[in-house]
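The values are calculated or read from the model by the stated rules, or taken from the named source; none is laboratory data. On a predicted model such as this, the values are computed, not experimentally measured, just so you know. Glycine also receives a Cβ, built like all others from the backbone with ideal geometry; neighbour counts cover every protein chain displayed. Keep in mind that these areas ignore ligands, DNA and RNA; they rest on the heavy atoms of the full protein, side chains included. Shrake-Rupley method; radii C 1.70, N 1.55, O 1.52, S 1.80 Å.
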Amino acid sequence: LQDKAGNLGDCRLSNPIYYDNTDPTCSIDLSGGNYQSTGWYWADVGLHLNTYDSSNKETESGVKNYDMSTNGISANSVTTYTNCQNHPNCDYTQGETKGQIWYGYVQDNAGNRNRCNTKKLYVDKTDPVCTVTGGSSSWTYKSKTITATCKDNTSGCKVSSFSHEYKSGMNIDDAGAQGRDKGGTFYDLSGRSSECSSNQKVKIDKSCPTIYVSGNKASDWYSVRQKGSFELKLKGSVGPAGAKIYGGWGTADSYIMSISGSSGSYEEYTDSFTAERDGERRKYKIESNTNNPNCSDSDYVVMYIDNSAPTISNFNRTNNNGSNCNGHPGTYCCTFDVSDHGLSGYSSGSFSWNGGSENVSRSGAHTEHIGWSTTPLNLSYTICDTVGNCDSGTRETCS
């Protein structure tokens, strides 16, 4: 400096001036979480912010403010820094997320700013859920498929489902989707897993029950004509599912009983009949409890039961005096009818009266002629049908 008088002098700044045009830098360290190759973590992820700016005043001014957030704004848009308030050492934790980016912000003393960020973080802290279906406590004749289904709402399942088909006859309570007593395991993309249960019921019976009517039954499926009671017994085999027996006259449509499948065979029902039947068909059928439409068996008998004796009726005197009546000259003729209103038919008769006797064999209803010379006729008789029902008596008739 020089004044007007020509004197010279100099001046100096009392403090030096420093210039910093270099942005500070930052980085975010990640820790924990058990990272998987799928890009997912299966536990909380730790985050730590690191900031950098040289304290050499001739080149950089040093860090003044810093912060972390997930808002993603630019470095120059930050107006307030918390300096990681309430987060000692600037440590944060990322919980379960389907994708989150963290941002670090830093400002130096010269006002320069910068931003850093993590990759997108994926965290799944929840195990997948396994649901096993397909079992039933009801019997079936079809194959049964047990299916396990995986559900995971965060990272998703590596495999969505698997199944196992049971084909053979069985009765189990521990069916699983990978075999008997084998439930299987599902994994999600974070590496978490869930065990599947093997508690499904599978009841498969592919056998067909049988029925046979035994008792008073001829080899050609028809009974003989008889008197007395008619007794039938139902026998057969049955699978583990058990069966139902139906019966009726003509058609087997009335429920009779249920057969347990525990023994494999049965002889559990006796049907007895005493009422007269004329060739009526008594039919039975058995159906498996699996409702297999191709699995039904039936048997039947045709019944002929006659428990009624023949009758004698319509006595009538014919004045044949002086002529032959039934080979007896000069006799009266007494006629009467012998018939069987049962089912088997009149077969034979034995007659005796004052002065005569006769044994006859007949087939079906007939009119008998008795000749005698004095009245009244004292008639004793025994009449029988073809199955042995008989009636005996004494009559004074044809006066």
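Determine the distance separating the Cα centre of region 81-96 from the Cα centre of region 141-193; give it in Å without decimals. One Cα centre to the other: 43 Å. Simple point charges give the picture: +1 on the Cβ of Lys and Arg, -1 on the Cβ of Asp and Glu, and for the chain a dipole about the Cα centre of about 420 debye. In sequence order, region 377-391 has phi-based couplings of 7, 9, 10, 10, 8, 9, 10, 9, 9, 6, 9, x, 6, 10, 9 Hz under the Karplus curve 6.51 cos²θ - 1.76 cosθ + 1.60, θ = phi - 60°, and Gly or Pro positions carry x.
In the structure shown, do any of K144/K283; K142/K244; K201/K235 have a Cα-Cα gap over 27 Å, and if so which?
Flagged as over cut-off: K144/K283; K201/K235.
Dipole orientation for the chain: of the candidates G388, V129, S194, G388 has the Cα lying most toward the positive pole (charges on Cβ; Lys, Arg +1; Asp, Glu -1).
Derived scalar couplings between HN and Hα for region 112-125 equal 6, 10, 7, 9, 10, 8, 8, 6, 5, 9, 10, 10, 10, 9 Hz in order, rounded to whole Hz, by the Karplus curve 6.51 cos²θ - 1.76 cosθ + 1.60 (θ = phi - 60°), x for Gly and Pro.
Among residues other than C295 with Cβ under 14 Å from its Cβ, the summed charge is +1 (Lys and Arg +1, Asp and Glu -1).
Shape of region 95-158 from the C-alpha gyration tensor: prolate (a/c of 1.5 or more and a/b above b/c, with a ≥ b ≥ c the square roots of its eigenvalues).
Can you give me the relative contact order of the chain as a percent, contacts being Cα pairs under 8 Å and 6 or more apart? Once normalised by length, the contact order is 9 percent. Ordering T311, T51, Y105 by the projection of their Cα atoms onto the charge dipole of the chain, which places +1 on the Cβ of Lys and Arg and -1 on the Cβ of Asp and Glu, puts T311 at the extreme positive end.
Return the lysines within reach of K98: Cα separation strictly under 23 angstrom, same-chain partners fewer than 8 residues apart disregarded; answer none if there are no such residues. The reachable lysines, counting only those whose Cα sits under 23 Å from K98, are K119, K120, K125, K151, K158.
How much of the accessible area of region 1-128, probe 1.4 Å, is carbon plus sulfur, in whole percent? Spell out each step's value before the answer.
Working: 3520 of 8120 Å².
Summing carbon and sulfur atoms, their accessible area is 43 percent of the total for region 1-128.
Loop-resident chymotrypsin sites (Phe, Trp or Tyr not before Pro) (DSSP state other than H, G, I, E or B) in region 42-150 with no more than 15 further Cβ atoms inside 10 Å of their Cβ: Y81. Sequence-distant contacts, meaning Cα pairs under 8 Å at least 6 residues apart, place the relative contact order of region 118-197 at 32 percent. Candidate values (i) 4, 19, 26, 25, 18, 7, 1, 0; (ii) 4, 13, 10, 9, 8, 8, 7, 7, 6, 5, 5, 4, 4, 3, 3, 2, 1, 1, 0, 0, 0, 0; (iii) 5, 23, 34, 30, 8, 0 were compared with P(r) over Cα pairs in 10 Å bins from 0, in percent computed on the shown model; the agreeing label is (ii). Out of the DSSP beta bridges found with both residues in the chain, what percent are antiparallel (nearest 5)? Expressed as a percentage, antiparallel bridges in the chain total about 95.
The H on the amide N of T331, modeled in the peptide plane, is under 5 Å from the matching H of G322, S323, C325, each at least 5 residues off or on a different chain. Rolling a 1.4 Å probe over the heavy atoms of the protein chains gives the chain an accessible area of 54 Å² per residue.
Report the equivalent ellipsoid semi-axes for region 121-171 in whole Å, largest first, defined as the square roots of five times the eigenvalues of the gyration tensor built from alpha carbon atoms. Don't skip to the answer; put the middle values down first.
Numbers: eigenvalues 214, 19, 7 Å².
For region 121-171, the ellipsoid semi-axes come out as 33, 10, 6 Å.
Annotation: amide H of H341 within the under-5 Å range of T311, sequence separation 5 or more or interchain, hydrogens built in the peptide plane. Free of any trypsin sites (Lys or Arg not before Pro) that DSSP assigns to a loop and that have at most 12 other C-beta atoms within 10 Å, the longest stretch within the chain is 168-399. Partners of K4 within straight-line reach, counting aspartates and glutamates whose Cα lies under 15 Å from its Cα and excluding those fewer than 8 residues away in the same chain: none found. When a 1.4 Å probe is rolled over the protein heavy atoms, the share of accessible surface on region 233-316 that falls to carbon and sulfur comes to 38 percent. Pairs of Cα atoms nearer than 8 Å and 6+ residues apart set the relative contact order; for region 147-260 it is 18 percent. Distant-in-sequence amide contacts of M257, defined by a placed amide H-H separation under 5 Å and a gap of 5 or more residues or a different chain, comprise I245.
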